[in-house]
Amino acid sequence: MPEVKLSRGTIAYEETGSGPPLVFVHGVFVNNLLWSKVIPLLSDRFRCIAPNWPLGSHSIPLGTPLTPYVVADMIGEFCDALDLKDVTLVGNDTGGALCQMVVLRRPELVSRMVLTNCDAYDQFPPQPFTYLRWVPHIPGAIALLANSMRLRANRRLPIAYGWLAKRLPREIEDAFVQPVIRDKGVRADIGGLLRAARKQQMVETSARYGEITVPVTIAWGEDDKAFKLSMAERMEREIPNATLHRIPDSYTLVPLDQPEKLAALF
């Protein structure tokens, strides 16, 4: 994978296609393979750039203090490093929250935003993942959590990937969990980020929805048990130029559950 050296570390990414740039932003404990089903449906029309952000399934540990705002600024710096203009940010889960932060912190960079099921308001994170707020504060807990993912039965629990995707291929699931199991540097990165994440950061971001001027496509999996459809409906009301599209038969990870329906919205 190509790599970009940023001020806080190196980001690996995959790129395919040509045309207006799409920059994909995944959430915690997944990586750029989240987009592996949808990018082939878009690369004939768009330059698709899918980095591995330092969110717990990344390949290159950063070893630097991280917060949600720091990662949001890294997304902007990454786009600058590739000299990207008029970027469409595409976010899912925690990545959707980061996209919202980017468009408010770097409005000149973004021409459009596509949000699939993601954090908003005081849902940062939502149930049943609120344990991620306190686990990182317990010494050794991140390592125990990571090692529990060696068993596939544990991965399919509702508090892991069970309520995130209906259609999660085994090889992608393995790729999501192996970095945090094997690499203590990855565990340190995600532990630090989770310790620094605060619900108030998302509340403050959501309070500024009225400042978002770019078109926003909200593509929401209707069957999500964590990010409820009512939250997407509220976002559509409060974000100017936002349009909500309901995606049937999908949990949180819409790019894996319904790639064709998501690609049709670009």
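The values are calculated or read from the model by the stated rules, or taken from the named source; none is laboratory data. As the structure is a computational prediction, the values presented were derived from the model and not from experiment. Note: ideal-geometry Cβ built from the backbone for every residue, glycine included; neighbour counts use all protein chains shown. Accessible surface is based on the protein model in full, side chains and every heavy atom, while ligands, DNA and RNA are left aside. Shrake-Rupley method; radii C 1.70, N 1.55, O 1.52, S 1.80 Å.
Values as computed for the structure displayed
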read-out	value
Whole-angstrom gap from segment 59-81 to segment 235-266, using each part's C-alpha centre	26 Å
Accessible area expressed per residue, the chain, with surrounding protein chains retained (probe 1.4 Å, Å²)	40 Å²
Whole-Hz couplings from phi, Karplus 6.51/-1.76/1.60, listed for segment 91-106; x for Gly and Pro	x, 9, 6, 4, x, x, 4, 5, 4, 4, 5, 4, 5, 8, 8, 10
Fraction of accessible area attributable to carbon and sulfur, the chain (%, probe 1.4 Å)	52 percent
Listed values [x] 51, 47, 40; [y] 44, 38, 35; [z] 80, 42, 36, entry calculated as Cα extents along the principal axes in Å	[y]
Bridge type composition, the chain - antiparallel percent by DSSP, nearest 5	30 percent
DSSP loop trypsin sites (Lys or Arg not before Pro) with at most 16 other Cβ within 10 Å: longest gap in the chain	86-149
Percent of beta bridges antiparallel (DSSP, segment 115-254, rounded to nearest 5)	10 percent
Segment 1-82 - share of DSSP beta bridges that are antiparallel (%, nearest 5)	75 percent
Those GluC sites (Glu not before Pro) in segment 103-198 that DSSP places in a loop and that have at most 14 other beta carbons within 10 Å	E108
Phi to ³J(HN,Hα) by Karplus 6.51 cos²θ - 1.76 cosθ + 1.60 over segment 69-74, Hz, x for Gly, Pro	5, 4, 5, 4, 5, 5
Selection from P139, P51, V186 lying farthest towards where the dipole of the chain points positive, charges on Cβ	P139
Violating pairs (Cα-Cα greater than 21 angstrom) within the set K85/K199; K166/K199; K37/K261	K85/K199; K166/K199
